[in-house]
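What follows is one structure encoded as structure tokens, with my remarks underneath.
Every number in this text was worked out from the coordinates using simple rules, so none of it is lab data. Note that the structure is a prediction, hence the values are computed from the model and not measured. A quick note on method: Cβ atoms are made from the backbone with ideal geometry, for glycine too, and the neighbour counts reach across all protein chains shown.
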Amino acid sequence: MHETGGKNMRKQSKRKLTGIAVLLLSVIMMVGLSSCGEKAKEETEPANVATTPYGQYEGKAKENGVLSFLGVPYAKQPVGDLRWKEAEPLEKSDELLKCHEYGNTPIQVSDEFEQASTTKQGEDCLTANIWTRDISGKKPTMVYIYGGGYVSGGTADPLYHGENFVENNDVVMVSINYRLGPFGFLDLSKIGGTEYEHSRNLGLLDQIAGLKWVKENISSFGGDPDNVTVFGESAGASSIMRLMSSDLSNGLFQKAIIESGGNASIKHVGDKKVDRIKQSQYVAEKFLETTGKKDLQGLLELSGEEVQSYADQLADQLGDDLDLTTWGCVPDGYAVPYDVYGNISKGSGKDVSILIGTNADEINYFNLYDPDLEKSLEEEYQEGTTLGRDFSKNKKCADSYIEAKKDDPQKYTDFCSEYEIRQPSLIFAEMQSAYNDVYMYQWAWKSQIEGLGAAHAVELPFVFGTFDSVTAKRTAGDQLPRELSLKVQAAWAAFAAKGDPTIEGEAEWPKFDQKNRDTMVIDDSLWKVVNDPMPEGRNYLRPMFDVKIPEAK
């Protein structure tokens, strides 16, 4: 799930009815007796049909009162000649689409711990899913961006289904697919010319296209286009950090919930200067070489499955090269600023309030892939790397942290958690607190699965209430405290509604600032505010990061 670690340790006209006829029709629709196959221009719009300039969408009502619209296209599908091009807007239409099933998951690597990779896949994956209690009103809107290291993930994963959240909270929830791996991050600018100059960051540009669609159309589903909260975990959270630093997403969302993001191209003291665009072009040239094709046309003739297969081969070839990131966001000055944290420090995301946090044992997640994780990380550490990232020029700082935790049996795993996720997240929070409201949490509830603790992504079943999903059972356990889920959902929904995660009737959740660093520690039976929890990482490792924290206004 982590954006950098998976490979190395690892998508009419209306005729008015009047008076009692309107009331009668509404009642009939609410009890599910309507027939929705007719086009809306022939009758008043049913309660489960949303009308937008791009089509009419028939949703499906559940007994719990939640209306779901699944597999709604938010852009033209990137197939044929549109492969490796920016998503194009839909054409206007009055066609009625039945939106009862999830669309195709983006083509991706196979991963037994990523259930999205077991769902139906295809390049025609640019779809959204919407859950709402009704299509009237202007409810807070929450848009989820999944993680998966930019190589896996998808909205059809049962872990991310929004029905339970909306049943418990009066919001509109949206999830969007975006292209992954070689479909979303293959830089063909040198091979295909200027027509493909933005192919290196298509996955992020897909997210922006999805947010634009939400801005323009969510009012038809009962959502407020001027009260949008994006939320995401891991690579989804890192995507949000990048979106906040980019002019392309200005005005598309007002709030953000950033779960275990970190890293988003943060700079470290002593980093080797690397031209990431030239690097990404080199990866594309190696990809072309791997396929045996001669040019772009040859690549376009490959099937989607062949593209992914060759990408897997290339990742294996380049996997040990610390200077290369095969798939992922590339700072290019267009979709991704050259200095994400530098932009945030200067106020690029000043109009966005955030709820941000990390889990106490982030990197324990990779125990799922490597039972000897601590030993593996210790071996990497001695070489001056962690999860394939070179920190050798800052090893004295790292050594001081390890010495301070010498009696901790998972000190190398903790170091990796701090370096990769926790400190970058704290730095982001400190920067953003100079411009807008910031709320901080630390997830302390420990998984029932041995060796995981409060690992990366363990909070997700509680956020979505999807305890029956395979991923929930594999990462969190079987008998999970549902009361914790209800409380987490209430806090997330409160933040989406009013920009403050304080739950009505509960103790105040104070704002985070650069001085006190007030943090809500989330556990099963007790939530408590702690001033600067787990300070060792900040005390010993902060000098490793090449950042400037702006003074609070």
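Quick notes on this one:
- Only lysines eight or more places from Lys393 in sequence, or on another chain, were considered; those with a Cα closer than 23 Å are Lys267, Lys272, Lys273, Lys375, Lys405, Lys406, Lys411, Lys548.
- Annotation: for a label point projected 7 angstrom from Cα along Cα→Cβ of Glu91, residues of segment 69-83 with backbone N closer than 13 Å are 76-77.
- Residues whose amide H lies under 5 Å from that of Thr386, counting only those 5 or more places away or on a different chain, are Phe391; hydrogens are built 1.01 Å from N in the peptide plane.
- Ascending count of other beta-carbon atoms within 10 Å, so fewest first, for Phe428, Phe462: Phe462, Phe428
- Value at 222 nm in deg cm²/dmol, rounded to 500, when DSSP H runs of n ≥ 4 in the chain each add -39,500 (n - 2.57): -8500 deg cm²/dmol
- The simple Förster model, with R0 at 30 Å and r as the Cβ-Cβ distance, assigns Glu305 and Lys60 a FRET efficiency of 0.45.
- Reachable aspartates and glutamates from Lys498, criterion Cα separation under 17 angstrom, eight or more residues apart if same chain: Asp170, Asp224, Asp226, Asp351, Asp437, Glu506, Glu508
- Residue-span extension gain [Asp532 to Asp478] - 0.36 nm each, minus C-alpha spacing: 16.2 nm
- Between segment 165-211 and segment 104-121, the alpha-carbon center distance in angstrom: 16 Å
- Peptides 378-388, 178-188, 401-411 ranked from most to least packed, by the mean per-residue count of other Cβ atoms within 10 Å: 178-188, 378-388, 401-411.
- Residue-by-residue Karplus 3J(HN,Hα) for segment 515-521, coefficients 6.51, -1.76, 1.60, Hz, glycine and proline x: 8, 8, 6, 4, 9, 7, 8
- Working from label points 7 Å from Cα in the Cα-to-Cβ sense, the Asp81 to Val470 distance is 3.9 nm.
- A Förster radius of 41 Å, combined with the Cβ-Cβ distance separating Glu378 from Glu101, puts the computed FRET efficiency at roughly 0.30.
- Placing unit charges on each Cβ (+1 for Lys and Arg, -1 for Asp and Glu) gives the chain a dipole about its Cα centre, and among Gly319, Ala237, Leu248 the Cα reaching farthest toward its positive end belongs to Leu248.
- Gyration tensor (alpha-carbon) shape descriptor, segment 355-394, a/c threshold 1.5: oblate
- Electrostatic tally near Gln432: other residues with Cβ closer than 12 Å to its Cβ, Lys and Arg +1, Asp and Glu -1, net +1.
- Overall form of the chain per C-alpha gyration tensor (a/c, 1.5; a/b vs b/c): oblate
- For Lys98, net neighbour charge (Lys/Arg +1, Asp/Glu -1) across residues whose Cβ lies under 12 Å away: -2
- Anisotropy class of segment 241-385 from Cα gyration tensor, a/c 1.5 cut: oblate
- Mean Cβ count within 10 Å, highest first, over the residues of peptides 544-550, 190-196: 544-550, 190-196
- Here the 3J(HN,Hα) profile of segment 235-246, calculated from phi with Karplus coefficients 6.51, -1.76 and 1.60 at θ = phi - 60°, is 4, x, 5, 4, 4, 5, 4, 5, 4, 5, 8, 10 Hz, Gly and Pro shown as x.
- Cβ-based net charge around Ile449, under 12 Å, with every Lys or Arg adding one and every Asp or Glu removing one: 0
- Spin-label zone in segment 437-473 - amide nitrogen under 17 Å from a point set 7 Å from the Cα of Asp524 along the C-beta vector: 443-455, 458-463, 467, 473
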